[in-house]
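Read through the structure below, which is laid out as structure tokens, and then see the notes.
The values are calculated or read from the model by the stated rules, or taken from the named source; none is laboratory data. Bear in mind the structure is a predicted one, so any value in this text is a computation, not a measurement. No Cβ is skipped: glycine too gets one built from the backbone with ideal geometry, and neighbour counts run over all protein chains shown.
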Amino acid sequence: MHADLVFTGGPAHTLSPARTRATSVAVRGERIVAVGHDEVRELIGPGTEVVDLRGKLLIPGFQDAHVHPVGGGIELGQCDLSGATTPEEYRRRIRAYAEAHPEAEWITGGGWAMEAFPGGLPTAAELDALVPDRPVYLTNRDHHGAWVNSVALRRAGLDARTPDPADGRIERDADGAPMGMLQEGAANLVGRLLPELTAEETIAGLLRAQELLHSLGVTAWQDALLGELGNLKDPTPAYLTTAADGRLTARVVGALWWDRARGIEQIDELLARRAAGTVGRLRCTSVKIMQDGIAENHTAALLTPYLDGCGCTSDNSGISFVPPEELRKYVTALDAQGFQVHFHALGDRAVREALDAVAAAREANGFSDTRPHLAHLQVVHPQDVPRFRALGASANVQALWAAHEPQMDELTIPFLGAERSAHQYPFGDLLRSGAVLAAGSDWPVSSPDPVQALHVAVNRRLPEAPEGTPVFLPEQRIDLGAALAAYTAGTAYANHLDHETGTIAPGYLADLVVLDRDPFDGPAEEICSTGVEQTFVGGARVFAR
């Protein structure tokens, strides 16, 4: 039988354990039927589509282990501040958006960078000068805080007497009045008032995001938050609709949100949502537990306190959103029901608490194939590095963050201190310890482009870094082969898709990407210049440049 599709003229990087290469790959229907060399060309018939690689690289599709596509897609249609880093540009975009949308009850969007403002804290007064008559709510690039104007503060009834919520902080001026920056759970005090998106708007956001991710070679992902959190509405209905009618072309694992305001009683609901959430290419088999915040606003959970602006020890060690003893109980119960647990664990205390919870589950339930994974891993104590392999917990890394840039150099390192800063994003140590590395973007927190993440994983420098920018912890660099494996086979493993994706092999699904060059051929500093020419999911072309 002839093939439907043949890639030839190689190379094809198979991502097999031996990192073998082929020069021809044949596809019939949704699956790969042959991988090899000239002999594969015998499967070319009169109806076969032949893709001549002409020296360009064929790889398995990229898979994103931690991403928020629906939110990212929705934000692309709102007041988009991403990609800019100056207050002047933010003011221009906000004013232009408000003028272009006089009908909007609220001005919403986000993507601004904390380093653009002194101490990472913009003020309501800055927004009042641009939009004095309507509420404004703009999340920052990390989505762990919101910048609001005075109208929004008044609508929410926030003033100097308003206490901080248990899971967040209202930034205040010298008189104690809210200054316009709300951290973590405090953002929900205003966010809960935002107009609810329609089902059509949510589906449009998902499809807009899918188109972008396919254009970057992403064929599968794990959505890291299916559920409601503050003003974030549950994207599950959008997934269910598009999975049922075939518009969801990517393969998606949904991580069901663990409501930290509730307890173990919510597991029955999660079981029902898992059963209902297996439709088409969607499987809701993971549970997301957010254990801490972020380092920039000092809510990441640390083993010892942050330093203050003078370099002295403060009284703040961050926030563990779920008490450690409760976390162990919850994870053990979820593991017993066959759920994968997807942790947000950024500080070294949160990482240890998450690993302790996995250890408790292993001890109580035995060692099963639930494949828990810890995302972000900004600070990992060296004693905890070998525990990933020992416990079968994957390291879910966001490589773009492992570089010197203003947020790292001005808002993080001075408050972590030199010793703890040296424990940031230990990709090399984790790899050498035998841990499974998966990779994701956390978009819209940062770029969804896997190629840019590969570049930073290998170089520990941003592609646009100014001349003379030092390499960030050079001993933690990993080679391109290992980085590419994390973004393909590693995430396929985390998504329980490794039996049929993440590798180019006979019988596997034809989720494939054609790059416009072979990044292995040039110096590591040029990885970022690689682009995506074509993307296929199940043998069907979903993107062509």
**OP:** Could you please let me know if I289 is of a type in the set (A, V, I, L, M, F, W, C), in the same structural domain as A360 (by TED's automatic domain parsing), in contact with an Asp or Glu (Cβ under 7 Å, 6 or more places away or on another chain) and surrounded by 15 or more Cβ atoms within 10 Å (Cβ to Cβ)?
**Re:** no
**OP:** Name the one entry in R362, R349 that is among the basic types (K, R), surrounded by fewer than 21 Cβ atoms within 10 Å (Cβ to Cβ) and modelled with pLDDT of 95 or more.
**Re:** R362
**OP:** Pull up region 205-240, narrow it to residues that are in contact with a Ser or Thr (Cβ under 9 Å, 6 or more places away or on another chain) and part of a helix (DSSP H, G or I), then point me to the one that is surrounded by the fewest Cβ atoms within 10 Å (Cβ to Cβ).
**Re:** P237
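Among the residues that make up region 352-359, is at least one of them without any contact (Cβ under 8 Å) to a residue 12 or more places away in the chain, over 22 Å from the mean Cα position of the chain (by Cα) and farther than 30 Å from A250 by Cβ?
Taking every residue of region 352-359 in turn, none turns out to be without any contact (Cβ under 8 Å) to a residue 12 or more places away in the chain, over 22 Å from the mean Cα position of the chain (by Cα) and farther than 30 Å from A250 by Cβ.
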Original post:
Given the conditions (1) among the charged types (D, E, K, R); (2) over 24 Å from Q398 (Cβ atoms); (3) surrounded by 18 or more Cβ atoms within 10 Å (Cβ to Cβ), and given that E265 satisfies all but one, which numbered condition is not satisfied?
Top reply: (3)
Original post:
For region 34-83, how many residues meet the condition of being over 30 Å from G109 (Cα atoms), assigned to a loop (DSSP other than H, G, I, E, B), out of contact with any Phe, Trp or Tyr (no Cβ under 7 Å at 6 or more places or on another chain) and not small (G, A, S)?
Top reply: 7
**OP:** Give the residue that is surrounded by the fewest Cβ atoms within 10 Å (Cβ to Cβ), with candidates limited to residues of region 129-143 that are touching a strand residue (DSSP E or B) at 6+ places or on another chain (Cβ under 6 Å) and closer than 14 Å to V445 by Cβ.
**Re:** R141
**OP:** Please specify each residue of region 118-165 satisfying the condition of being charged (D, E, K, R) and in contact (Cβ under 8 Å) with a residue 24 or more places away in the chain.
**Re:** E126, R134, R141, D142, R155
**OP:** Quick one: which helices (runs of 4 or more DSSP H) lie wholly within region 91-197 and hold at least 1 residues that are more than 27 Å from R260 (Cβ to Cβ)?
**Re:** 124-128, 150-156
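Within region 521-530, count every residue that is crowded, with 16+ Cβ neighbours inside 10 Å and either assigned to a loop (DSSP other than H, G, I, E, B) or aromatic (F, W, Y) (or both). Before the answer, list the steps.
Restricting attention to region 521-530, the residues satisfying the condition of being crowded, with 16+ Cβ neighbours inside 10 Å are 524, 527-528, 530.
Filter once more, keeping what is either assigned to a loop (DSSP other than H, G, I, E, B) or aromatic (F, W, Y) (or both): 530.
Summing the residues that are crowded, with 16+ Cβ neighbours inside 10 Å and either assigned to a loop (DSSP other than H, G, I, E, B) or aromatic (F, W, Y) (or both) in region 521-530 gives 1.
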**OP:** Evaluate region 423-436: report whether one residue or more is at pLDDT below 95 and among the polar types (S, T, N, Q).
**Re:** no
Original post:
What residue, among those in region 268-283 that are part of a strand (DSSP E or B) and touching a helix residue (DSSP H, G or I) at 6+ places or on another chain (Cβ under 8 Å), is surrounded by the fewest Cβ atoms within 10 Å (Cβ to Cβ)?
Top reply: V279
Original post:
Failed condition for R247, given (1) under 25 Å from A540 (Cα atoms); (2) in a helix (DSSP H, G or I); (3) free of Cβ contacts under 8 Å to residues at least 60 places away in the same chain; (4) of a type outside the set (D, E), with all others met?
Top reply: (2)
Original post:
Any residue at all in region 63-84 that is of a type outside the set (G, A, S) and over 30 Å from G180 (Cβ atoms)?
Top reply: yes
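Residue-by-condition table, conditions (1) over 30 Å from A485 (Cα atoms); (2) in contact with an Asp or Glu (Cβ under 8 Å, 6 or more places away or on another chain); (3) outside the structural domain of L437 (by TED's automatic domain parsing); (4) not hydrophobic (A, V, I, L, M, F, W, C):
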| position | (1), (2), (3), (4) |
| --- | --- |
| V67 | no, yes, yes, no |
| V70 | no, yes, yes, no |
| G73 | no, no, yes, yes |
| A84 | yes, no, yes, no |
| P87 | yes, yes, yes, yes |
Original post:
Considering region 284-326 alone, what residues qualify as being over 22 Å from R420 (Cα atoms) and in a loop (DSSP other than H, G, I, E, B)?
Top reply: V322, P323
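Could you check how many residues of region 1-27 are assigned to a strand (DSSP E or B) and polar (S, T, N, Q)?
Of the residues in region 1-27, 3 are assigned to a strand (DSSP E or B) and polar (S, T, N, Q).
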